[in-house]
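The values are calculated or read from the model by the stated rules, or taken from the named source; none is laboratory data. Predicted model only: the values in this text are computed from it and were never measured. Please note: Cβ atoms are built from the backbone with ideal geometry, for glycine as well, and neighbour counts cover all protein chains shown. Side chains included, ligands, DNA and RNA excluded: accessible areas come from the protein's heavy atoms. Shrake-Rupley method; radii C 1.70, N 1.55, O 1.52, S 1.80 Å.
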Amino acid sequence: MGEYRSMDTNEITRAYMDSILIEERLIGSTLPTIQMDFLGETFSGPVMTPAFSHLPAYNGREKNGLVEYSEAAKSSNIVNWCGMMENDTFSEILKTGARTVRIIKPYADRAKVMDQIAFAQDNGAFAVGVDIDHIFGTGGYDVVAGEAMTAQSQEDIRGYVEATKLPFVVKGVLSVRDAVKCAEAGVKAIVVSHHHGILPFAVPPLMVLPEIKKALDGTGVTIVVDCGIDRGVDVYKALALGADAVSVGRAMLPSLEKQGSAGVDEYIRGMHQELVKVMGMTGAGDLREIDPSTLWIGGKTLMPVG
């Protein structure tokens, strides 16, 4: 059996995103604002950090990459995310003061999941959630950093929701089916994502996003998108198609490695600045005014979403 190239899914995602074109609407347009409300709090913009795990200390610096980008999230007043880690490492992230969403792996050890949910709640996390797209490996359940993963049912997710007072998030949703199941389980937010190509030839998040938005209309579930969001113009397209916010991931890593917190802050500021430009050139005065009909896909303009 032949092997897939590692970049198949990500190439498809990038190509689809780049195929979406934008029309100008300049007359009467004013300088936009990008302030965002997210899960009951206000932030400076819709670009968020990623739910990364296990980043080292770069270039001999004392702090690891997770702490450095969390410091950038705090200084930029954006939502911070983190992924797989033990409670002591999560404590270091919380010390930065960033409003942080903790995403927990779907451990086979359910007690570990519940313990990390409780720790997040008791120690000041902004929200907590589980990652559902790291369940399966090749030929069986996945093993991540030596930890066994297992399947997650709708009842499992409902149990997590009921176990915490924090808003609960599910990361790794890539279908209307799963989005609806999350809403039914009481989830407050989802992340539409293929986890940087964990499934070969996965549908691009922006392709499925409008149908997810439509299915969740009226449920109150907040939608975040990641995978290949590299520039402010990518952010605009995601928001126009139904996202409330986005996470930038691997694109910011060179800045993080070279300059630490300052590099991440500069990168995210640049994305927000480009977003402001695109919004201004399409007649959107704020994030709520971004109009999906400014997008052209396959030679056709879109009708408004939702």
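Over the chain, dividing the summed -39,500 (n - 2.57) contributions of all DSSP H runs of at least 4 residues by the number of residues returns a 222 nm mean residue ellipticity of -11000 deg cm²/dmol. Restricting attention to the stretch 65-176, close to 30% of DSSP beta bridges with both partner residues there are antiparallel.
In this structure the amide hydrogen of MET48, modeled in the peptide plane, comes within under 5 Å of the amide hydrogens of VAL246, SER247, VAL248, none closer than 5 places in sequence on its chain. Mind sorting out which of [x] 33, 23, 18; [y] 29, 23, 20; [z] 46, 27, 17 is the real semi-axes √(5λ) of the Cα gyration tensor in Å computed from the coordinates? Working out semi-axes √(5λ) of the Cα gyration tensor in Å from the coordinates points to [y]. In the full protein context, the chain carries 45 Å² of accessible surface per residue, based on a 1.4 Å probe and ignoring ligands, DNA and RNA. Sorting PHE136, PHE201 by solvent-accessible area of protein heavy atoms yields PHE136, PHE201, largest first, with a 1.4 Å probe. Here the stretch 231-306 and the stretch 78-152 have alpha carbon centers that stand 27 Å from each other. Determine the share of the chain's accessible area contributed by carbon and sulfur atoms, expressed in whole percent, with a 1.4 angstrom probe. About 52 percent, which is the carbon plus sulfur part of the accessible surface. Along the stretch 130-145 the Karplus relation, 6.51 cos²θ - 1.76 cosθ + 1.60 evaluated at θ = phi - 60°, assigns HN-Hα couplings of 10, 9, 9, 9, 10, 7, 10, x, 6, x, x, 5, 6, 10, 10, 6 Hz to successive residues, with x for each Gly and Pro. Each Lys and Arg contributes +1 and each Asp and Glu -1, all at the Cβ; summed about the Cα centre of the stretch 1-156, the dipole is approximately 380 debye. Assuming charge only on the beta carbon of Lys and Arg (+1) and of Asp and Glu (-1), the dipole of the stretch 10-49 about its Cα centre is about 40 debye to the nearest 20.
Look at the alpha carbon pairs under 8 Å that are at least 6 residues apart: their mean separation over the length of the chain gives a relative contact order of 23 percent.
Taking the alpha-carbon centroid of each part, what is the distance from the stretch 173-204 to the stretch 208-226 in angstrom? Answer, in whole Å: 10. For the stretch 73-147, the relative contact order is 27 percent, taking Cα pairs closer than 8 Å that sit 6 or more residues apart in sequence and dividing their mean separation by the residue count. The count of lysine pairs in the stretch 206-306 that are at least 8 places apart or cross chains, and whose C-alpha atoms lie under 24 Å apart, stands at 7. Which of the lysines could be linked to LYS95 by a straight reach, that is with a Cα gap under 17 Å, when you skip same-chain ones fewer than 8 residues away? Within the straight-line limit of under 17 Å, LYS95 reaches these lysines: LYS63, LYS74. With a Förster radius of 30 Å applied to the C-beta separation of GLU274 and GLU184, the computed FRET efficiency comes to 0.20. Just for the chain, what percent of DSSP beta bridges are antiparallel, to the closest 5? In the chain, DSSP labels about 35 percent of beta bridges as antiparallel. Taking amide hydrogens as modeled 1.01 Å from N in the peptide plane, which residues meet the under 5 Å criterion relative to THR222, leaving out close sequence neighbours? When sequence neighbours closer than 5 places are left aside, the close amide H contacts are ALA189, ILE190. Mind checking which aspartates and glutamates have their Cα closer than 12 Å to the Cα of LYS112? Skip sequence neighbours fewer than 8 apart in that chain. Cross-link targets: GLU86, GLU147. For the pair PHE136 and LYS300, the difference between a 0.36 nm per residue extended length and the Cα-Cα distance amounts to 55.3 nm. Count charges around VAL143 for me, please; just the other residues with Cβ under 13 Å from its Cβ, Lys/Arg as +1, Asp/Glu as -1. For residues surrounding VAL143, the net value is -2. Figure note: ARG102, ARG158 ranked by solvent-accessible area, largest first, 1.4 Å probe, ligands and nucleic acids not counted: ARG158, ARG102.
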